[in-house]
Amino acid sequence: MSDEPEIPTTSDSSDASGLLDGGFSSLGLDPRLLTALSSLGYEEPTPIQVQAIPPLLAGRDVLAQAATGTGKTAAFALPMLNRLILEGGDRKAVFGLVLVPTRELAMQVAEAVHRYGRGTGVRVLAVYGGSSMGLQLRELARGVDIVVATPGRALDHVKRGTLKLSGVKLVILDEADEMLDMGFAEDLEAILDATPEGHPMALFSATFPSRIAGLAGRRLTSPVELRLGANREAGAKEDAGGRVKQTAYVVPRAHKLAALSRILDLEDPTSAIVFCRTRTEVDEISEKLNARGRRAEALHGGFTQDQRDRVMKRFRAGAADLLIATDVAARGLDVEQISHVFNYDVPSEAEAYVHRIGRTARAGRAGTAITLFEPREQWLLANVERLTKKKIERATVPTVADLKARRLELTRASLRETILGGGLETFRVAVDSLADEFDILDVAAAGVKLAHEAAGSPGEEEEIPSVQVPQDRPRFVPRSETGGMTRPVRRTPRLPGAVSLFIGAGRDAGVRPADLFGAITNEAKLPSKAIGAIEIADRFSLVEVPGESADAVIEALRRTTLRGRKVLVRRERPAPPRR
């Protein structure tokens, strides 16, 4: 065991409350990084950031269980940038290496590192298959500080001698379990062998299966272990799983505001809080909702205490229906009659979700919690369900027809209240005179139409596109366990209507399932769940794809390379029978 001071290893709010209250400034980061974070609207560190940044700044190894959306990118990017600023060194050598499973994540992480390092002069390069090798070669030759790469392309550069890792001071494996699932185990080992001994390393994984434990045991030295969500509060679980009706809508990022506005129309909350991650989001959403006729108030850490008091006074008095707030701003709020809580994003921690929805269903009342989530955030919802032991209902975003029907129902309810309220004698004269000329039902329908239009209608509002939540990627097992043939282990049967593609490269050329899987998803843009069985022989490979997508996949694969060379790609006729 290390003699260094003990570092907290769980994500309980009680353990991290001091650092959370102090914000990012309490973590010892360079002022330039703090300025960048402030400009991006970050108010406070998430639990994974609070716990991972200090040991990484101190040069410790870290083994962290953290899913997508918990803020783990900043958890490893900020200490990497901070150490780069402090240590400087040879600007021609690669200082930090981040390995990720997919090109999309490589681009996303590289962009985030660039934004966090704004003003520091950091040079970041995303390295992945399917992009120009020539461009990557030129950038690497000029000198790069941080490389964010997929294992296959990183290993290609290492073998070429164009990616020199002898000066690396920090290595990050992001979504390590997914990289192993995709068949990158050998590549990871080869890349890590090319890095110097003694450098700190961090391994982030959503799950901790035995293969992750094996990798950590071989590569990490006395790591600080961060298993988020180790301790739970039983009372919070009961509140979240009891009186609160929980619903989640899967929504594309570009349509989240439209979806929120539409769901607000259908739910018609009397008093609601909309939780957002950053103050920038709070300002934008409150402004746009007010422009759409809502009565919304913003509340975030950028407000003075006097401003907060004025906002809360208006909200409690009913002068505003919606409070758009960050978690830090909503701490300690005491508002009894909250009918709805909206999560504009899935919160980073399951405990934060429980805390948020606890704002409703007070004093024995029922409440409603609605969450908007992107497909990549489904794992965060799964974390919440495990904590609360309650399934969150998935629902489709209301259509324009649903919205029209709901608004007509609200008009009918308003008319009914008006009738019950009496005082209609003055208006009977107009009805009587029109009844002499028109059918009384037409007169009533005209009155309903006028009331409905006066209340507002969706007009020519566009439909919000539906989006599918991605399923698990196929998992592969080693050749030694399959008698020499590499086959995927899938939870679903062979795809109906699939065709088999012949690819003129196999085991002898170093082709692995991960190469074929990555090429098809990245180049042909085929969803991972659409890829069927993959078989690799010595000199060729067979891949099942949907029949309607076969030609597009063939064309895309012919334009790219596998293991650095062009290969023959065509339909296999007939597809070999399976036993």
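Could you tell me whether Leu155 is in contact with a Lys or Arg (Cβ under 8 Å, 6 or more places away or on another chain), of a type in the set (A, V, I, L, M, F, W, C), farther than 22 Å from Leu56 by Cα and not in a loop (DSSP other than H, G, I, E, B)? Here the answer is no, as Leu155 does not meet what is asked.
Taking the conditions (1) within 16 Å of Ala75 (Cα to Cα); (2) at pLDDT 50 or above in turn, Arg32 satisfies each one other than (1). A single member of Glu461, Glu385 is acidic (Asp, Glu) and at pLDDT 80 or above, and it is Glu385.
Every listed requirement among (1) on the phi > 0 side of the Ramachandran plot; (2) free of Cβ contacts under 8 Å to residues at least 40 places away in the same chain; (3) of a type in the set (Gly, Ala, Ser) is met by Gly143 save one, (2). Within segment 382-424, being among the hydrophobic types (A, V, I, L, M, F, W, C) and in contact with a strand residue (DSSP E or B) (Cβ under 7 Å, 6 or more places away or on another chain) holds for Ile392, Ala395, Val397.
Just one of the listed residues (Ile273, Ile285) is touching a Cys at 6+ places or on another chain (Cβ under 9 Å) and at pLDDT 90 or above, namely Ile285. State all residues of segment 309-330 that are over 23 Å from Leu260 (Cβ atoms) and modelled with pLDDT under 85; if no residue qualifies, say none. Across segment 309-330, the qualifying residue is only Asp309.
Taking residues in segment 269-292 that are farther than 20 Å from Ala352 by Cα, and partners anywhere that are of a type in the set (Phe, Trp, Tyr) and not in a helix (DSSP H, G or I), the pairs with Cβ atoms closer than 7 Å and at least 6 places apart or on different chains are Ile285/Tyr344.
Residue-level analysis places Ala216 among those that are buried (at least 17 other Cβ atoms within 10 Å of the Cβ), over 15 Å from Val98 (Cα atoms) and assigned by TED's automatic domain parsing to the domain that holds Arg83. Restricting Glu111, Glu189 to residues that are farther than 21 Å from Met80 by Cβ, at pLDDT 90 or above, out of contact with any Phe, Trp or Tyr (no Cβ under 8 Å at 6 or more places or on another chain) and not hydroxyl-bearing (Ser, Thr, Tyr) narrows the list to Glu189. Exactly one residue among Ser348, Ser414 is modelled with pLDDT under 80 and assigned by TED's automatic domain parsing to the domain that holds His255, and that residue is Ser348.
The values are calculated or read from the model by the stated rules, or taken from the named source; none is laboratory data. What you are looking at is a predicted structure, and each value in this text was computed from that prediction instead of being measured. Note: ideal-geometry Cβ built from the backbone for every residue, glycine included; neighbour counts use all protein chains shown.
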